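What follows is calculated from the coordinates using simple rules that are stated; it is not laboratory data. Values in this document were obtained by computation on a predicted structure and should not be read as measured data. All Cβ positions, glycine included, derive from the backbone under ideal geometry; neighbour counts span all protein chains shown.
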Amino acid sequence: MGTDQTLLHRFVIAQLTAAGLDRGRLIRECGVPEWTLSGPGVHVPSATFGRLWEIAARWLDDPEVGLRVGSRYELKATGLYDYLFSTAPTVGAGLATCGPYVSAVTTNHRFTFVEGAGGESTLFLDMVDGEGRARELTHAWGLSAVLGRARRVVDAPLNPIRVSLRQRAPRDLETYREVFPGAIIDFGMPTDSMTFRAADLALPLVTADPALAEVLKPLAEALPPPPPLETAWPERVAVAIAEGMDSGEISLERIARRLLVSPRTLQRRLAEVGTTFRNEVDRARHARLVEAAATGPLSRSQQARLLGYTDAGSARRTGLRWAVAASMHLGPHEV
């Protein structure tokens with residue numbers, strides 16, 4: 001089970017208390033022991049943090065509470081993790097510390113900072129264990145807090161050019177536009193992420209401190225490695241492929257563009273977890289065909305449309321390859 005540092009709970013509970021909620025009741029309902037909210041903090045099950053957000057959204061009748069609280073993030077709330085960020089020379093260098101040292105505050109989340117085309121770079125946020133509304137609220141908080149922290153240490157406006165969210169689009173976008181002004185905000189996406197311009201990543205931090213950063217390096221290197229996310233990229237790709245099959249656009253280039261990375265980066269990420277783009281396309285097609293065939297027989301042309309092919313012959317060849325795989329007791333992607 002993943003854990004979160006109670007320094008996170010402490011900051012959020014303080015913000016919610018200031019908004020009018022009863023502190024004692026919040027602590028009891030989310031299940032975090034009160035003694036953990038003082039001193040240097042300790043790691044507690046991540047379910048307590050997700051529950052805290054669900055309670056806050058319900059009691060305040062505010063579905064965007066995670067965004068609002070994250071935008072008010074106060075530097076140094078998480079100790080070492082914030083110092084590692086704030087002593088970096090630029091916004092980009094600071095964001096690059098989010099992933100390697102995330103275990104200072106959580107073993108249930110992972111940040112991945114990926115350079116894209118044209119100098120743009122994207123910060124992805126993933127959760128190891130969690131789902132539903134708790135996950136959506138926590139990720140909204142996470143992206144907003146990272147951005148809020150960065151804004152505290154630059155002397156210029158800082159806004160992502162694109163924000164991608166897995167959650168469905170809300171009825172009211174006002175809070176999203178306030179937190180991410182000027183950004184293209186996409187909902188129902190395969191990832192939770194923010195993309196920044198090269199010029200913004202090059203902005204210097206007013207708190208940059210090379211000497212302190214050097215002192216902190218041994219502490220940072222002693223942290224446990226970030227939690228593994230073997231399924232993160234395959235899951236992202238599976239969602240993007242499923243959506244691409246509806247429009248017949250499932251080339252490597254198209255899927256990479258949808259995931260905001262280069263084709264080479266996408267191939268590398270999949271290789272790191274022991275798979276390939278072709279394997280993931282085969283898995284997605286096979287799963288869709290099995291699901292559709294359960295409701296009745298399909299013609300070759302129907303199969304072709306369903307699987308994102310432009311002609312029935314391609315669908316037939318894929319079917320033959322899967323049949324060979326089945327006869328050899330292999331998966332559909334293994335031949």
*Report ³J(HN,Hα) in whole Hz for each residue of region 73-82, in order, from the Karplus equation J = 6.51 cos²θ - 1.76 cosθ + 1.60 where θ = phi - 60°; Gly and Pro get x.*
4, 10, 4, 6, 4, 10, x, 3, 4, 6
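Please list the three semi-axes, largest first and in whole Å, of the ellipsoid equivalent to region 63-123, using sqrt of 5 times the eigenvalues of its alpha carbon gyration tensor.
Values: eigenvalues 80, 51, 33 Å².
Ellipsoid half-lengths, sorted descending, are 20, 16, 13 Å.
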*Pop out the ³J(HN,Hα) list for region 133-144 in order, Karplus 6.51 cos²θ - 1.76 cosθ + 1.60 with θ = phi - 60°, rounded to Hz; leave Gly and Pro as x.*
5, 4, 5, 4, 5, 5, 6, 4, 4, x, 5, 5
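What number results when the radius of gyration of region 120-165, computed over Cα atoms, is divided by 2.2 N^0.38 Å?
So region 120-165 has a normalised radius of gyration of 1.30.
Could you sort 63-76, 38-51 so that the peptide with the highest average Cβ count within 10 Å comes first and the rest follow in order? Numbers along the way, then the final one.
Working: 63-76: 19.5, 38-51: 17.2.
Order by mean packing, descending: 63-76, 38-51.
In terms of the Cα gyration tensor, with a ≥ b ≥ c the square roots of its eigenvalues, is region 3-221 rounded because a/c is under 1.5, prolate because a/b exceeds b/c, or oblate?
Working: a/c = 1.72, a/b = 1.18, b/c = 1.47.
Oblate, since a/c reaches 1.5 and b/c is not below a/b.
Sort 168-179, 91-102 by packing, meaning the average of other beta carbons within 10 Å per residue, with the highest value first.
Details: 168-179: 13.1, 91-102: 21.0.
Highest to lowest by the protection proxy: 91-102, 168-179.
Regarding region 3-48, what is the average projected area of its C-alpha convex hull, in nm²? Walk me through the numbers on the way to the answer.
On the way: hull surface 11.2 nm².
The number I arrive at for region 3-48 is 2.8 nm².
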*Can you give me the Cα centroid spacing of region 170-223 and region 58-103 in angstrom?*
8 Å
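Using Cα pairs closer than 8 Å and at least 6 residues apart in sequence, work out the relative contact order for region 66-159, in percent. Before the final figure, lay out the partial values.
Numbers: 108 pairs, mean separation 33.8, N = 94.
Rounded, it is 36 percent for region 66-159.
Full extension from Ala199 to Thr295: what is 0.36 nm times the residue separation minus their Cα-Cα distance, to one decimal in nm?
Numbers: separation 96, 0.36 × 96 = 34.56 nm, distance 5.25 nm.
Difference between extended and current length: 29.3 nm.
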*Dividing the alpha-carbon radius of gyration of region 17-111 by 2.2 N^0.38 Å (N being the number of residues), what value is obtained?*
1.19
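Classify region 96-236 as rounded, prolate or oblate from the Cα gyration tensor: take a ≥ b ≥ c as the square roots of its eigenvalues, call it rounded if a/c is under 1.5, otherwise prolate when a/b beats b/c and oblate if not. Before the final figure, lay out each step's value.
On the way: a/c = 1.81, a/b = 1.17, b/c = 1.54.
Oblate.
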